[in-house]
Structure formats: C-alpha cells, structure tokens
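Bear in mind that the values in this text are calculations on the coordinates, not laboratory data. The model shown is predicted, which means the values in this text are computed figures rather than measured ones. FYI the Cβ positions are ideal-geometry reconstructions off the backbone, even for glycines, and counts take in every protein chain you see.
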Amino acid sequence: MKNSKITTGILSIAIATFTISCKDAKQDLNKDQENHSEMNHERTNEHQDADKKEMAMYTNQSGDAEIVLKDYFNLKDALVGDNNEKAKELGVTLAESFKNLDVSKYTDAQQTELKEIIEDAVEHAEHISDSDIKHQREHFKTLSKDVTDLVTITGTTNILYEQFCPMYDGGSTWLSMNKEVRNPYYGSSMLKCGKIQREIN
C-alpha cells in the first residue's frame, strides 16, 4: 500500500512536470511562430518594396523609353549567355515595346526621327525573334545603334555605358548598365572582348 502511494505520488509529479513543460514548449513555439511570421512579413515587405522600385523605374503608362531599354538589356544578356531561344522571345517583347513607345511629348522634328528609329528597330527585333544566334547578333548590331539614337532624344534616368568590340564586323558597339564588359556578339567564346567607349547620362 505504501509503495502504491509513492508510485501514485511520483506519477502525479511526472504528469504535472510534463504538462508544465508542454505548456512552456507550446508558448515558446507560439512565440517562435509569431517571430517567424513577423520576419517573413518584413522580408515580404522588403521584396515588395524592391519590386515597386523596379516597377516605378520601368513604368510604361505612356510608352516610357525606359521599358525599351529594359527589354534591350534583357536581350543583350540573352546574347551574352548564348541563349538563342530566350533571345527569340525577347525580340518579340522588344518589338512590342518599341511599338508602344509614346512619341507625342517630343517636338515634331524629334517625333519624325523617333518614328524612323522605331520602324527600323521593330524590323530588327522581329528578325531576332525568328533567327539563329549568328543572325540575331547581326541584327543586334543595328538595333544597338537604334537604341543609342533613341536615348540621344529621350534621355535616360540611368548611367549607361557604350561599349565597343573591335573584332566583330569591323567594330561594333552596344549599350550596358554595367562598366564590366560582357560581349553580346561573341558570348562565351570571347566574353570580355571590348572596352567602354563613352558614358551616357
């Protein structure tokens, strides 16, 4: 009988301790979940803020020229990466961005020039959308000149670098947002061939 009381007493203490431990663990778990939720919320907000900044930079409500630049740089990066299929997709995207460019806010003379640039650029972007990579790079050369001429009229909110490759087709230029040379005409075969020719801002 005495042993039975002792055993019952020990069991009662064990159950009480276990119950308290579980409650503490549950409280700790709830705190961890709240903290984790807050951290995720903060990360989500940071991510959304970054997206909003990028969207603000490339807003296209009136055919903003910055959208054309963004799509041009994406195309350039696809060629740098020797990615023929991605370049085809981006050729279509860039052609549409050029077509949507609103020229109404410019002078009559600028509008005339911009319309000529757009017509030529759309043609080259469309060729890129259905060509092999060698042919894409040939069209990219002229397209780069069109985009440079466009920026001369529209200006840009970013510092751009006109880069030059002396090896490709007697010398060819392209625009980049980075000082580091990444050659779209040769891709991985001569990735760093070229130099900064001038800064545009």
Grab the beta carbon distance between Leu191 and Glu89, set R0 = 25 Å, and tell me the FRET efficiency rounded to 0.05.
0.70
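Neighbour counts of other C-beta atoms within 10 Å: give me Cys193, Cys165 arranged from fewest to most. Walk me through the numbers on the way to the answer.
Details: Cys193 17, Cys165 21.
Taking fewest neighbouring Cβ atoms as first place, the list is Cys193, Cys165.
Set the bar at 30 Å for Cα to Cα. Now go through Lys105/Lys134; Lys88/Lys145; Lys105/Lys141; Lys99/Lys192; Lys145/Lys179 and name every pair that lies beyond it. All intermediate terms of the calculation are to be shown ahead of the outcome.
Values: Lys105/Lys134 37 Å; Lys88/Lys145 19 Å; Lys105/Lys141 28 Å; Lys99/Lys192 33 Å; Lys145/Lys179 19 Å.
Beyond 30 Å: Lys105/Lys134; Lys99/Lys192.
Packing-wise, with mean Cβ within 10 Å as the measure, how do 119-128, 69-78, 174-183 rank, highest first? Write down the numbers at each step before the final one.
On the way: 119-128: 20.2, 69-78: 22.0, 174-183: 17.0.
Top of the packing list down: 69-78, 119-128, 174-183.
Just the number, please: Stokes-Einstein D of region 60-115 in µm²/s, Kirkwood Rh from C-alpha pairs, 10 °C, 1.306 mPa s. Intermediate results must be reported in sequence, preceding the final value.
Working: Rh = 12.0 Å.
Translational diffusion coefficient: 132 µm²/s.
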Going by average Cβ density within 10 Å per residue, which order do the peptides 152-161, 93-102 take, highest to lowest?
93-102, 152-161
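How do the peptides 194-201, 81-88 rank, highest first, by the average count of neighbouring beta carbon atoms within 10 Å per residue? Don't skip to the end; give the middle numbers.
Numbers: 194-201: 13.4, 81-88: 16.6.
Taking the mean over residues of other Cβ atoms within 10 Å, the ranking is 81-88, 194-201.
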P(r) of region 65-200 over all Cα-Cα pairs, binned every 5 Å from zero, in whole percent
2, 11, 22, 24, 21, 13, 5, 2, 0
